[in-house]
1. Take the Cα radius of gyration of the chain and divide it by 2.2 N^0.38 Å, with N its residue count; two decimals is plenty.
2. Evaluate the relative contact order of the chain (contact order divided by residue number), counting alpha-carbon pairs under 8 angstrom at least 6 apart; express in whole percent.
Amino acid sequence: MGAIVGARSLVKGHVPPRVVVAGVPARVVREGVSWGRDTYGMTPAERIAIGMPETPEG
């Protein structure tokens, strides 16, 4: 889980997971966001970090 923080935002404190925050001070702009990435472009370390096999073939 993670969050998206807008450029030049001033974050003071905890940012909840799966939200977009922006502004000075940072405020929640959108909740329940998700994003993805093609796993073939990941390094072996990134794949291991999210619990996937080290190589795409498995």
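1. Output field value: 1.45.
2. Normalised by residue count, the contact order of the chain is 22 percent.
Bear in mind these aren't lab numbers, they're just calculated from the coordinates by the rules spelled out. A quick note: this is a predicted structure, and the numbers were derived from the prediction, not measured.
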